[in-house]
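In what follows, a single structure is set out as structure tokens and then discussed.
The values are calculated or read from the model by the stated rules, or taken from the named source; none is laboratory data. Since this is a predicted model, take the numbers as computed values, not measurements. Note that we place each Cβ from the backbone using ideal geometry, even for glycine, and neighbour counts take in every protein chain shown. Side chains included, ligands, DNA and RNA excluded: accessible areas come from the protein's heavy atoms. Shrake-Rupley method; radii C 1.70, N 1.55, O 1.52, S 1.80 Å.
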Amino acid sequence: MTDHTTEHLTIVSHPLVQHKLSIMRDKNTSTASFRRLLREISLLLAYEVTRNLPLTTRRIDTPMMAMDAPAIEGKKLALVSILRAGNGLMDGILELIPAARVGFLGMYRDPETLLPVQYYCKVPENLDERLTIAVDPMLATGNSSVAAIDLLKEKGAKNIIFLCLLASPEGVARMKAAHPDVPIVTASLDSHLDDHGYIVPGLGDAGDRMFGTK
Ligand code: URA
């Protein structure tokens, strides 16, 4: 299976990603398994989202000779987790790129209006010099994702990728309208949103399932 890619949206259709996602969707999957699978999927998604990271070189000695070996400039990367569910996706990427700078945006969705409310913001300096990967498992209405990207741009970020586990067509359209310059990487584009702004078929509330809060 090949990845479905448009300029704005990449759906990572790798069988391992899809298999793990199906187990996560199952309502009988335990919190412990959900969390482990999310970590595993985040490693696989990290592979896709970092595909075009610029490489520098580092002088090393192999047992045979000296060489200028390719190396990622981890310090040029900022990972920004949209709390709280973003943390589950971020952990795996950080394992792969431990030198990345890390930020947090606290956003919650007002259950009545479905509009985002910001309660925390701490992001690395010099975002304008970094690739900024914003992570949130669920791109649902797109309201909080658009607000998060608004904020990152206010803080100077120019080169942003949005990484999520599931996306709704409504959320993708909203992001594309507000931030056409921000590519989205996801494991699935689901059918639609329900009346409460939940993704269908989805996996329920990602934060609750990850942290066992319901
Ligand atoms: N947030 C979630 O956790 N799940 C959804 O389906 C939508 C938003």
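In the range 193-207, the qualifying residues are those that are on the phi > 0 side of the Ramachandran plot and modelled with pLDDT of 95 or more, and the one that is least open to solvent (accessible area, probe 1.4 Å) is GLY202. Would you say ALA187 is open to solvent by less than 30 Å² (accessible area, probe 1.4 Å), among the small types (Gly, Ala, Ser) and more than 17 Å from ILE82 (Cα to Cα)? Criteria met by ALA187.
Those strands (runs of 3 or more DSSP E) of the range 63-118 in which at least 3 residues are open to solvent by 10 Å² or more (accessible area, probe 1.4 Å), considering only elements entirely within it, cover 66-72, 101-109.
Residues that are part of a helix (DSSP H, G or I), open to solvent by less than 10 Å² (accessible area, probe 1.4 Å) and out of contact with any His (no Cβ under 6 Å at 6 or more places or on another chain) within the range 149-162 comprise just one, LEU152.
In the set VAL49, VAL117, VAL12, only one residue is of a type in the set (A, V, I, L, M), closer than 25 Å to ALA173 by Cβ, modelled with pLDDT under 95 and within 19 Å of the chain's Cα centre (by Cα); that residue is VAL49.
Looking across THR132, THR141, one residue alone is of a type in the set (Val, Ile, Thr), more than 16 Å from ARG84 (Cβ to Cβ) and buried (at least 24 other Cβ atoms within 10 Å of the Cβ). It is THR132. Do the conditions hold for ALA173, that is, is it more than 13 Å from the ligand (Cβ to nearest atom), surrounded by fewer than 17 Cβ atoms within 10 Å (Cβ to Cβ) and without any contact (Cβ under 8 Å) to a residue 12 or more places away in the chain? When the stated conditions are applied, ALA173 does not pass them. Counting the residues of the range 2-35 that are of a type in the set (D, E, K, R) and free of Cβ contacts under 8 Å to residues at least 60 places away in the same chain gives 3.
Of the numbered criteria (1) in a helix (DSSP H, G or I); (2) among the hydroxyl-bearing types (Ser, Thr, Tyr); (3) exposed (fewer than 14 other Cβ atoms within 10 Å of the Cβ), the one THR57 fails is (1). For the range 185-211, the tally of residues that are in contact with a helix residue (DSSP H, G or I) (Cβ under 8 Å, 6 or more places away or on another chain), more than 10 Å from the ligand (Cβ to nearest atom), of a type outside the set (Gly, Ala, Ser) and not in a strand (DSSP E or B) stands at 1. Apart from one condition, LYS214 fits all of (1) modelled with pLDDT of 95 or more; (2) more than 10 Å from the ligand (Cβ to nearest atom); (3) open to solvent by 50 Å² or more (accessible area, probe 1.4 Å); the exception is (1).
Per the listing VAL146, VAL182, the residue uniquely away from the ligand (no atom under 12 Å from the Cβ), in contact with a Phe, Trp or Tyr (Cβ under 8 Å, 6 or more places away or on another chain) and either open to solvent by 30 Å² or more (accessible area, probe 1.4 Å) or of a type outside the set (S, T, N, Q) (or both) is VAL182.
Residues in the range 149-170 that are more than 16 Å from the ligand (Cβ to nearest atom) and charged (D, E, K, R): ASP150, LYS153, GLU154, LYS155, LYS158.
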